[in-house]
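Notes follow once the structure below has been shown.
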Amino acid sequence: MSKLAAEIAKRRTFGIISHPDAGKTTLTEKLLLFGGAIQTAGAVKSNKIKKGATSDFMEIERQRGISVATSVMTFDYQGVKINILDTPGHKDFAEDTYRTLTAVDSVILVIDCVKGVEEQTERLMEVCRMRKTPVIIFINKMDREGQNPFDLLDELEQKLSIRVRPLTWPINMGSNFKGVYHLLDRSLNLFSANKTKIEKNVVAVDIHTPELDARVGDKDAAQLREDVELIEGVYEPFDRAEYLSGEIAPVFFGSAVNNFGIQELLDTFTKIAPPTQARGTDVRVVEPAEKKFTGFVFKIHANLDPKHRDRIAFLRICSGVFQRNTFYQHIRLKKNVRFANPYNFMAQEKEVIEEGFPGDVIGLYDTGNFKIGDTLTEGEVLNYQGIPNFSPEIFKELINLDPMKAKQLEKGIDQLTDEGVAQLFLQPQLGNRKIVGTVGDLQYEVIQYRLEHEYGAKCRFDGMQVSKACWITSEDPKKLQEFVRLKGQNIAQDKDGNYVFLAESDWILRMNQTNNPEIEFHFTSEFKLA
Ligand code: G4P
């Protein structure tokens, strides 16, 4: 096998997603602990913005620092190179998570066994389904009195529209939680609560022998036999191909905070999760084993030090070998760029790298050349797809409060929206009115704070009567122009000059859709790449 092929086969690049508080941060930390990347629990700080912190800007700043450090966590485990891409837990930053999902090859979804499937989980799964991303589900907090595991599986199937297949099965839960039975290995992992150390208590047990009764007691032994019989009757044997095509999600049970069930999860993950996958571009599918380097930027992070306006662009390598100090073509800008200090991330350390392989995520210092979605290649003109902007949900008008600082405001909002903090829409016909669209209120506070502290510009946001924005196109350019002219105030343009229709309500949007069949309304900007 060539070196490139061997490096590709070794990599598992994935994201952990969950509704806030289900245990994503804890699980991430425990995976690092099992992988030997950190020695003690508590080393990975939560990147979530704690409840009630919405007006605490120092907290936001602190969190931004942490989330750079934990954006990618890399470690080696049993010959496999694991790249965990962190996703923000806070719902106002959901769009960051959607974008990160475009850079992974698979996903681990964490569910709280007490709460079951929560709202954010449903939305995140929709993105995974759209992209056919393979998903493993970890049902967490089994040390709490949760829902019946069969009911949980039903709920997962119904609410997430995916078939599930348990690979471990719990023996009781809450204060009576005794451990899990591994349905494939036919072994028993007995539970002992331990928050700091990894203790393994795994035994191979034939559940049809009295040994099971001796280990877990008659009642639980009988229940487990009954459950296993039911599972084997109801569910088809686990088929990896179905998992890889995103049709079926294997399910594990455990308790992250107690280090329990993590080993089974990690061992199975390294065996079944996909290595670096091929990716679609606007012209063709690129295989990771192709010799020439290609990659795309899926996240941009501003420097924490306001004196240095440079940023870190996170690039996912899709094919070939990325080399330090080598010129690559920046497709959108049509110019050559090279990087003297690209780095990767080992747990919380970062180090300058000489080369990177498909599946890796590297950090590139950027002085304003990158936008989210930008592609780098060795010269071939292609653009990676699937980094859409989603139609925002909240819209506010940006008002400049200091006319002397109009330039700074302009530059600031331009750069912040390049980073993907929010989307900017312009209404040139209305004195170049600027509308900022986001998925959460918190972003306005972040923008206002950052504009002031990083760019010296003061602003205010005024609420608007807009509930939905969609991009509009038409096969007939005349019809589009006519629609744009007729709708006046309801029309804006995105940063690339595409027309956007701003609707006051869902009803108005539907009415316009019905009355204008020749106009297409798009809810993500994906159409731009189609
Ligand atoms: P998130 O990143 O998905 O938002 O969740 P996070 O890991 O921060 O976990 C949320 C809370 O759930 C934390 O408690 C964490 O300790 C707890 N937790 C995680 N795994 C388990 C588990 O297996 N069992 C139980 N009972 N709790 C678990 P917290 O009180 O919010 O924070 P902390 O003070 O404990 O850190």
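Only the coordinates and a few stated rules stand behind these numbers; no lab work does. The structure displayed is predicted, hence computed values, not measured ones. Positions of Cβ are generated from backbone atoms using ideal geometry, with glycine treated the same way; all protein chains shown enter the neighbour counts.
List the trypsin sites (Lys or Arg not before Pro) in the stretch 143-250 that DSSP assigns to loop (not H, G, I, E or B) and whose Cβ has at most 10 other Cβ atoms within 10 Å. Which are they? Sites meeting the loop and neighbour criteria: Lys197, Lys200. Around Leu152, what is the net charge, scoring Lys/Arg as +1 and Asp/Glu as -1 over all other residues with Cβ under 11 Å from its Cβ? Taking every other residue near Leu152 into account, the sum is -3.
Relative to the Cα centre, the charge distribution of the stretch 394-529, modelled as +1 at Lys and Arg Cβ and -1 at Asp and Glu Cβ, gives a dipole magnitude of about 380 debye. Compared with the direct C-alpha span, the chain from Lys3 to Ser187 gains 62.6 nm at full extension, assuming 0.36 nm per residue. Sequence-distant contacts, meaning Cα pairs under 8 Å at least 6 residues apart, place the relative contact order of the chain at 13 percent. Which is farthest toward the positive dipole end of the chain among Asn341, Thr417, Ile447, measuring Cα position about the Cα centre, with Cβ charges +1 (Lys, Arg) and -1 (Asp, Glu)? Going by the Cα projections, it comes out as Asn341.
With respect to the chain, whose longest principal axis is taken over its alpha-carbon atoms, helix 119-131 is tilted by about 80°. Look at Leu32, Leu486 and count the other Cβ atoms within 10 Å of each Cβ; fewest to most, that gives Leu486, Leu32. Each of Gly356, Ser161, Asn369 was scored by the projection of its Cα onto the charge dipole of the chain, and the greatest displacement toward the positive side belongs to Asn369; charges sit on the C-beta of Lys, Arg, Asp and Glu. DSSP bridge analysis restricted to the chain gives an antiparallel fraction near 75%, rounded to the nearest 5.
Close lysine pairs were tallied over the stretch 279-377: pairs 8 or more places apart or on different chains with Cα atoms under 24 Å apart number 15.
Each of Thr473 and Asp154 was given a label point 7 Å from its Cα along the Cα-to-Cβ line. The distance between the two points is 4.4 nm.
The residues neighbouring Thr74, those whose beta-carbon lies less than 9 Å from its own, together hold a net charge of -1 under the Lys/Arg +1, Asp/Glu -1 convention. Note on the stretch 394-529: antiparallel DSSP beta bridges, both residues inside, total approximately 100 percent of the bridges counted. Sorting Ile399, Ile162 from the fewest to the most surrounding beta carbons within 10 angstrom yields Ile399, Ile162. About its Cα centre, the dipole of the stretch 279-377 is roughly 440 debye, where the only charges are +1 on Lys and Arg Cβ and -1 on Asp and Glu Cβ.
Where in the stretch 111-147 is the amide nitrogen less than 15 Å from a point lying 7 Å along the Cα-to-Cβ axis of Tyr235? Within reach of a label on Tyr235: 111, 135-140.
Cross-link partners of Lys478 among aspartates and glutamates, defined as those whose alpha carbon lies under 13 angstrom from its own and excluding same-chain residues fewer than eight positions apart: Glu518. Quick one: net charge around Lys115, please, counting Lys, Arg +1 and Asp, Glu -1 for every other residue with C-beta under 14 Å from its C-beta. With Lys, Arg at +1 and Asp, Glu at -1, the neighbours total -4. Does the stretch 430-530 classify as rounded, prolate or oblate by the C-alpha gyration tensor (a ≥ b ≥ c root eigenvalues; a/c under 1.5 gives rounded; else a/b over b/c gives prolate, otherwise oblate)? Prolate is the answer for the stretch 430-530, as a/c is 1.5 or above and a/b outweighs b/c. Residue order for Ser319, Ser474, fewest other beta carbons within 10 angstrom first, comes to Ser474, Ser319. Anisotropy class assigned to the stretch 149-243 is prolate, per the alpha carbon gyration tensor with a/c at or over the 1.5 cut-off and a/b larger than b/c. Each Lys and Arg adds +1 at its Cβ and each Asp and Glu adds -1 at its Cβ; summed about the Cα centre, the chain shows a dipole of about 1680 debye.
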